[in-house]
Amino acid sequence: MASKGSPLHGPQVRLVEQAHRLFAETKEHLFESKSAEEHAKLLRVQHQLEVSTKQAIFVGSSVSDTIKTCIVMGNERAAVKVKSEFKVPDKRWYWLKSCALATVGNWDALETFSREKRPPGGYKPFVEACIDAGQKTEALKYIPKLTDPGERSEAYARLNMTEEA
């Protein structure tokens, strides 16, 4: 079953595509039509990922969860493809990738990622991911890079570093 993807993929895609066609018949349901079309596209991409990874874990999850799962599994190329296909903004990409790298404890990759270019939303995603993973020393690498003094003091407070906060 895992090598073929989720068993309900075919019927699910057909139903969503049928909904897209029905919504497309009227001008009042343009949003619904576009949503159904995007959902069918996501289901097809997720099915391809399930077939290529031989794990039935993608179908039915959100775009964000699909990207995080790809990164956690070490398939960054697939994550980048999903990001570009679904026009995921850079700011969200930084949150998703930093969270996924912290989830698997890949601190070297997280640090490398933080240095690639200036993150569009600042370094808060890196700090939050490290704190959520319980890695105080890793979080301390990124806290001084926060430009907002309020965010910086809040991060120190979350680490119980009251003097720095």
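The values are calculated or read from the model by the stated rules, or taken from the named source; none is laboratory data. All of these numbers come straight from a predicted model, not from anything done at the bench. No Cβ is skipped: glycine too gets one built from the backbone with ideal geometry, and neighbour counts run over all protein chains shown.
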(message) Need pairs with beta-carbon distance below 8 Å; first residue among the aromatic types (Phe, Trp, Tyr) and within the stretch 151-165, second not in a helix (DSSP H, G or I); sequence gap 6+ or separate chains.
(response) Tyr156/Thr162; Tyr156/Glu164; Tyr156/Ala165
(message) Condition first: surrounded by fewer than 16 Cβ atoms within 10 Å (Cβ to Cβ) and free of Cβ contacts under 8 Å to residues at least 12 places away in the same chain. Can you find one or more residues in the stretch 55-66 that meet it?
(response) yes
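Considering only the stretch 57-151, give the helices (runs of 4 or more DSSP H) lying wholly within it that have at least 1 residues that are farther than 28 Å from Leu42 by Cα and not assigned by the TED database to the domain that holds Val16. Outline the logic, then answer.
Working: elements: 63-72, 76-85, 90-103, 107-116, 124-132, 136-142.
The qualifying helices (runs of 4 or more DSSP H) are 107-116, 124-132, 136-142.
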